[in-house]
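Below you'll find the structure, written out as structure tokens, and then a few comments.
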Amino acid sequence: MSQSTATAFSLLTPTKISPFKTLLKPRHSILSVRSDPKSNPHSNHHHHPLSVSVSGAAVVSPVVLDSSSSSSSALEIDHVSSSEMKENGFRSTRRTKLVCTIGPSTCDFDTIEALAEGGMNVARLNMCHNTREWHKEVLEHVRRLNEEKGFAVAVMMDTQGSEIHLGDFGAASSLKAEDGDIWTFSVRSFDESQPERTISASYDGFAEDVEVGDELVVDGGMVRFEVVEKIGPDVKCLCTDPGLLLPRANLALWRKGRLVQQRNSMLPTITSKDWLDIDFAIAEGVDFIALSFVRSADTINHLRSYIAARSPNRDVAVIAKIESVDSLKNLEEIIKASDGAMVARGDMGSQIPLEQVPFAQHRIVQLCRQLNKPVIVASQLLESMIEYPIPTRAEVADVSEAVRQQADALMLSGESAMGLYPDKALAVLRSVSVRMEKWCREDKLSEELELTNISTSLSAVIKEEICRSAAKIASSLQVDALFVYTSDGHMASLLSRWRPDCPIFAFTPTASVRKQLNLQWGLIPFRLNFSEDMDSNLSRTLSLLKIRGMIKSGDRIVAVSDMLQSIQVRVVP
């Protein structure tokens with residue numbers, strides 16, 4: 001960055017914290033740091049904060065806490081985050097976000113509240129199951145929870161998609177397939193009771209396309225069948241790998257060791273049912289729409305244009321689910337077009353060899369970080385806890401690896417939707433995340449990524465550089481928190497991308513932005529109306545947080561904002 005275009009940084013810290021030459025070392029030359037005694041002519045620099053500026057920056061005066069100007073009620077944060085910070089300190093707060101799928105086990109208000117108390121940041125609605133009326137009731141519960149209890153739980157609607165899947169089972173919530181059983185897969189619909197060991201398939205040409213000897217892989221390999229006979233619309237299959245069959249589970253067809261893709265590629269990514277569900281989601285004001293079986297960026301762009309036309313005054317983020325061979329082939333263009341990605345390992349594992357799934361996860365997580373898009377690791381994290389109160393040790397290791405890779409979020413599917421122990425499954429995710437994050441910080445176990453600028457305009461590049469430098473300063477000084485004042489959430493997202501050692505307090509005046517930030521690593525979103533006066537914002541914020549007991553004298557803060565292109569380091573008096 002040249003001298004003529006460099007935006008000034010402003011720092012303020014007590015003289016006890018020595019020299020500023022160790023704080024700012026941007027890759028580009030940003031003029032030398034100078035102290036300015038005129039910033040507070042009546043102060044003694046040995047006892048009061050020293051004002052420091054960089055060529056042309058506005059000089060910042062010491063923080064003065066003024067509790068008389070505002071009340072603590074002007075600052076919105078859920079009490080779980082508040083209590084956690086009070087009890088354990090800033091540095092022990094959980095950075096990894098948690099997504100819970102809401103289902104029959106968790107659909108009442110009290111249980112949803114318990115999940116929020118347990119650390120749920122995002123509630124997921126899977127449109128493969130239940131009616132829109134059912135989902136509307138869940139949405140009302142989440143809205144009530146946020147309004148009455150002060151939470152910022154976001155809602156993600158997950159489309160069914162067009163891939164071949166099983167039909168409903170009538171009154172049964174699941175079916176057990178035993179080794180050696182003969183099952184019938186049929187394209188017929190069953191209005192009343194289904195015949196025993198008979199399942200409908202969603203694709204009308206299913207019976208024509210399969211061949212004797214083909215392998216049917218259900219739900220990413222949870223159950224496997226071999227095709228033994230075709231009789232009109234029915235396909236007789238031998239169960240070779242027993243397991244639990246769930247309604248609407250994905251169904252993949254393998255032939256001679258290779259996935260059969262031709263028929264799936266002819267199906268639309270967004271079905272007529274999906275469009276109706278998307279209309280429902282927009283009308284109900286969900287925060288995220290997760291699009292299933294994305295094959296290209298064109299589908300993402302099409303959906304984003306549709307959302308913009310239907311909801312011009314409110315942004316609904318689009319999450320691309322990476323779960324097919326096509327999505328892996330076009331991964332970078334899909335992630336660039338989307339607002340985030342989900343590593344849907346279950347369905348992915350039915351389309352690529354199992355041994356390739358860990359590499360695919362690692363690649364997706366790293367690419368999302370490079371492109372500054374939140375990424376969710378999903379599917380079978382704690383699958384055994386659908387039936388058992390504790391996970392396997394291998395599952396704990398799997399969760400730990402996703403945390404070490406610094407994925408933004410982890411997601412529970414069947415564990416919270418239909419499991420017997422949804423609260424315990426969430427508690428495991430929370431405790432493993434906190435412990436692994438602490439271990440990674442102490443022993444420097446997380447991978448260091450070489451992140452490059454992703455913006456093209458000068459103003460956007462300056463914001464990236466400010467956030468990069470702020471995160472570096474925060475980590476080198478071991479400050480207690482990063483503050484970011486942001487209207488649209490972008491600066492908070494840029495800070496999160498650098499994965500600093502301390503939590504990031506993201507202050508925004510908009511409720512919808514606050515909820516969307518709840519998906520991103522390390523961000524603790526607050527709702528706060530602020531002005532363009534950075535000094536006033538900081539003084540007021542520190543006052544409000546101190547009244548709530550969330551900060552104390554001596555805590556060190558690094559602050560940035562949308563309004564003023566600067567970095568400020570402050571010590572709470």
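How do the pairs read when you match residues in segment 199-214 that are assigned by TED's automatic domain parsing to the domain that holds Arg248 with residues anywhere that are assigned to a strand (DSSP E or B) and hydroxyl-bearing (Ser, Thr, Tyr), using Cβ under 6 Å and keeping only pairs 6 or more apart or on different chains?
Cβ pairs passing all conditions: Ser200/Ser186.
Within the set of pairs 6 or more residues apart or between chains, which connect a residue that is on the phi > 0 side of the Ramachandran plot inside segment 376-389 to a residue that is open to solvent by 20 Å² or more (accessible area, probe 1.4 Å) and in a loop (DSSP other than H, G, I, E, B) with Cβ atoms less than 8 Å apart?
Partner pairs satisfying both residue conditions: Ser379/Ser413; Gln380/Ser413.
Within segment 84-143, how many residues are among the basic types (Lys, Arg) and within 21 Å of the chain's Cα centre (by Cα)?
The number of residues fulfilling the criteria is 6.
Does segment 453-460 contain at least one residue that is hydroxyl-bearing (Ser, Thr, Tyr), over 23 Å from the mean Cα position of the chain (by Cα) and either under 20 Å from Gly522 (Cα atoms) or assigned to a loop (DSSP other than H, G, I, E, B) (or both)?
yes
Scanning segment 296-340 for residues that are open to solvent by 20 Å² or more (accessible area, probe 1.4 Å) and among the aliphatic types (A, V, I, L, M), which turns out modelled with the lowest pLDDT?
Val325
Filter segment 372-383 for residues that are modelled with pLDDT of 95 or more and either in a loop (DSSP other than H, G, I, E, B) or farther than 13 Å from Leu429 by Cα (or both); which is farthest from the chain's Cα centre (by Cα)?
Here the residue is Leu382.
Table: residues versus (1) out of contact with any helix residue (DSSP H, G or I) (no Cβ under 9 Å at 6 or more places or on another chain); (2) closer than 25 Å to Gly103 by Cβ; (3) at pLDDT 90 or above.
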{"position": "Ala207", "(1), (2), (3)": "yes, no, no"}
{"position": "Asp214", "(1), (2), (3)": "yes, no, yes"}
{"position": "Glu226", "(1), (2), (3)": "yes, no, yes"}
{"position": "Gly232", "(1), (2), (3)": "no, no, no"}
{"position": "Leu253", "(1), (2), (3)": "no, no, no"}
{"position": "Leu267", "(1), (2), (3)": "yes, no, no"}
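Each row is one residue, and each column tells you yes or no for (1) over 24 Å from Ile300 (Cβ atoms); (2) polar (S, T, N, Q); (3) open to solvent by 10 Å² or more (accessible area, probe 1.4 Å); (4) under 17 Å from the mean Cα position of the chain (by Cα).
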residue	(1), (2), (3), (4)
Arg345	no, no, yes, yes
Pro358	yes, no, yes, no
Arg393	yes, no, yes, no
Ala409	no, no, no, yes
Asp423	yes, no, yes, no
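Just to confirm my filter: which strands (runs of 3 or more DSSP E) fall fully inside segment 462-566 and include at least 3 residues that are under 19 Å from the mean Cα position of the chain (by Cα) and crowded, with 24+ Cβ neighbours inside 10 Å?
Hits in segment 462-566: 504-508, 523-527.
Collect the residues in segment 431-450 that are modelled with pLDDT of 90 or more, of a type outside the set (D, E, K, R) and open to solvent by less than 60 Å² (accessible area, probe 1.4 Å), keeping them in residue-number order.
Listed by number, the residues that qualify are Val432, Ser433, Val434, Met436, Cys440.
Give the number of residues within segment 123-166 that are farther than 21 Å from His79 by Cα, open to solvent by 30 Å² or more (accessible area, probe 1.4 Å) and part of a helix (DSSP H, G or I).
Result for segment 123-166: 5.
Given the criteria more than 20 Å from Arg258 (Cα to Cα), of a type in the set (S, T, N, Q) and modelled with pLDDT under 85, does Ser186 qualify?
no
The values are calculated or read from the model by the stated rules, or taken from the named source; none is laboratory data. Quick caveat: nothing in here was measured; it's all calculated off a predicted structure. With ideal geometry, Cβ positions are generated from the backbone for all residues, glycine too; neighbour counts draw on all protein chains shown. When the accessible area is computed, the model is the full protein with side chains, heavy atoms only, and any ligands, DNA or RNA have been set aside. Shrake-Rupley method; radii C 1.70, N 1.55, O 1.52, S 1.80 Å.
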